[in-house]
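The values are calculated or read from the model by the stated rules, or taken from the named source; none is laboratory data. Just so it is clear, the structure is predicted and the values come from calculations on it, not from any experiment. Neighbour counts run over all protein chains shown; Cβ positions are idealised from the backbone, glycine included.
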Amino acid sequence: MNTQMKLEDIKVHVKIKLAALWVSFMLLYTYVDYFSLYMPNHLEDMIRGKVFVFDITQSFIMIALGLSAIPMLMVFLSVALPANINRLLNLVVAIIHIPYMLFNLAGEVWIHMVFAAVVEVVLLCLIIWYAWKWPRI
């Protein structure tokens, strides 16, 4: 007689896994930006109207928001889109975001930024993996 009770384990659909990965990616992405506010001179640079080498303008903020909106929308789209479009979109968006995440490391010496970029790239690689291995019927 087996005295240990087995835990229930359900099969999670790939759409839910992809959405969860995008949520994890966005949370990390957001917290990296938040914690960067604690870095020396960061707030002063922002007050002077600079982020890295870029001037803070309406265009800069709109581009930054647009780039951030893409993975935010992927949370919903990963659940809502039909499988063929969903798979392709997840592959394309994740592949495009890898160099973008690595670009954010340009000139970076803070270890938390490097750590975050590595985790973000791992999450994007998992998105690519799950989308690529999408189950067939």
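Couple of notes before you dig in:
- Residue in the stretch 50-71 that is farthest from Asn86 (Cα to Cα), counting only those that are among the aliphatic types (A, V, I, L, M) and in a helix (DSSP H, G or I): Ile61
- A single member of Ile85, Ile127 is farther than 19 Å from Asp33 by Cβ, surrounded by fewer than 17 Cβ atoms within 10 Å (Cβ to Cβ) and not acidic (Asp, Glu), and it is Ile85.
- Filter result for Phe52 (closer than 20 Å to Ala117 by Cα, over 19 Å from the mean Cα position of the chain (by Cα) and not aliphatic (A, V, I, L, M)): yes
- Pick from the stretch 102-121, criterion of a type in the set (Val, Ile, Thr) and surrounded by 11 or more Cβ atoms within 10 Å (Cβ to Cβ), ranking: farthest from Leu18 (Cα to Cα): Val114
- For the stretch 113-120, the criterion of being of a type in the set (Phe, Trp, Tyr), assigned to a helix (DSSP H, G or I), out of contact with any Phe, Trp or Tyr (no Cβ under 8 Å at 6 or more places or on another chain) and without any contact (Cβ under 8 Å) to a residue 60 or more places away in the chain is met by at least one residue.
- Count - residues of the stretch 79-107 that are modelled with pLDDT of 95 or more and either of a type in the set (S, T, N, Q) or outside any helix (DSSP H, G or I) (or both): 5
So that you can scan it fast, the table gives a plain yes or no per residue for (1) without any contact (Cβ under 8 Å) to a residue 24 or more places away in the chain; (2) within 26 Å of Pro135 (Cα to Cα); (3) in contact with a His (Cβ under 7 Å, 6 or more places away or on another chain); (4) surrounded by 11 or more Cβ atoms within 10 Å (Cβ to Cβ):
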{"position": "Ser36", "(1), (2), (3), (4)": "no, no, yes, yes"}
{"position": "Pro40", "(1), (2), (3), (4)": "yes, no, no, no"}
{"position": "Glu44", "(1), (2), (3), (4)": "yes, no, no, no"}
{"position": "Ile47", "(1), (2), (3), (4)": "yes, no, no, no"}
{"position": "Lys50", "(1), (2), (3), (4)": "yes, no, no, yes"}
{"position": "Ala64", "(1), (2), (3), (4)": "yes, no, no, yes"}
{"position": "Ala69", "(1), (2), (3), (4)": "yes, no, no, no"}
{"position": "Leu81", "(1), (2), (3), (4)": "yes, yes, no, yes"}
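- Taken over the stretch 4-24, the criterion of being under 14 Å from Phe76 (Cβ atoms) and not aliphatic (A, V, I, L, M) is satisfied by Lys15, Trp22.
- Conditions (1) surrounded by 14 or more Cβ atoms within 10 Å (Cβ to Cβ); (2) hydrophobic (A, V, I, L, M, F, W, C); (3) modelled with pLDDT of 95 or more; (4) in a helix (DSSP H, G or I); number of the one not met by Trp134: (4)
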